[in-house]
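Since the structure comes first, as structure tokens, the remarks are kept for the end.
What follows draws every value from the coordinates through simple rules; no lab data is involved. As the structure is a prediction and not an experimental result, all values here were calculated from the model. Glycine also receives a Cβ, built like all others from the backbone with ideal geometry; neighbour counts cover every protein chain displayed.
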Amino acid sequence: MPFRLILIGPPGVGKGTQAALLEEHLKVKPLSSGVIFRQEIEADTDLGQLAKSYIDRGELVPNGVTIQMMIKRLRSDDVRRNGFVLDGFPRTVRQAEALDVELQNEQVVLDRVILLSVSDEVVVRRLAGRMGCTKCGEIYHSTNKPPAREGLCDKCNSQLLVRKDDNPETIRERLRIFREETAPVAEYYRAQGLLKDVDAAGDAVDVYALCTEGLVS
Ligand SMILES: [Zn+2]
């Protein structure tokens, strides 16, 4: 039976790693809102053009556009067949409500919403040294996951950039904003009995065991 999961957690908590483990073991499709945005923009779809118009003006992509992009992907055959693990969506209660409506229409239910938490210090340590691919979005780390060739993406050979906002002060501010923004979404799912709190400070494999505890028999 396909699983339908959501990962919630601040940048640097290890969501990408957990999504990859969930894909490997449960065969679910990882659906990262950031990746889907980039794909739509690159494919120059109507939704992609619309999203880009906001991004180019330095504005947030509105709820309605984000919801349409994610729902379009949720309706694709491979996602219907294999289930999904969402990352970066829903970011607001309005998005969570829209997702609920969509899942009801599709007559499927969420299995679990995983809230990954670690201390700010751990996140700062993990994020300092992080580099992102300017083309495909793949993330590298100077010590944990260095690229084969310095400054170049292993996957697509494009240039890697250290993000300006990956310095300790900005990271702490991003964490504060993240908690403020996502707390209502976490509580929304807690009220539905779907939320699983996971301490994400340990090894990826231990964290994975906590994430899937009681889910697979
Ligand atoms: Zn790349």
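Listed from fewest to most Cβ neighbours within 10 Å, the set C136, C211, C156 follows the order C156, C136, C211.
Starting from the Cα gyration tensor of region 99-175, take the square roots of the eigenvalues, sort them a ≥ b ≥ c, and report rounded, prolate or oblate (rounded when a/c is under 1.5, otherwise prolate if a/b is larger than b/c, else oblate). In terms of gyration-tensor shape, oblate.
If only the Cβ of Lys and Arg carry +1 and only the Cβ of Asp and Glu carry -1, the dipole of region 1-151 around its Cα centre is close to 280 debye. Counting neighbouring Cβ atoms within 10 Å and putting the fewest first, the residues L21, L7 line up as L21, L7. Do any of K15/K196; K72/K164; K29/K196 go past 26 Å between their Cα atoms, and which? Distance filter (> 26 Å) returns K72/K164.
Once the Cβ-Cβ distance of E97 and A201 is raised to the sixth power relative to R0 = 30 Å, the FRET efficiency obtained is 0.40. Taking a ≥ b ≥ c as the square roots of the eigenvalues of the alpha-carbon gyration tensor, the chain is classed rounded because a/c is under 1.5. Summing Lys and Arg as +1 and Asp and Glu as -1 over all other residues whose Cβ lies under 10 Å from the Cβ of L110 gives a net charge of 0. Residues with beta-carbon under 12 Å from that of E138, excluding E138: net charge, scoring Lys, Arg +1 and Asp, Glu -1? Here the charged neighbours net out to +4. Computed FRET efficiency, Cβ-Cβ of L152 and R179, R0 45 Å: what is it to the nearest 0.05? It comes to 0.85. Counted over the chain, the DSSP beta bridges are approximately 30% antiparallel. Each label point was placed 7 Å from the Cα along the Cα-to-Cβ direction; for R80 and K52 their separation is 2.9 nm. Using the Cβ of C211 as centre and a radius below 12 Å, the other residues enclosed give a net charge of -2, where K and R count +1 and D and E count -1.
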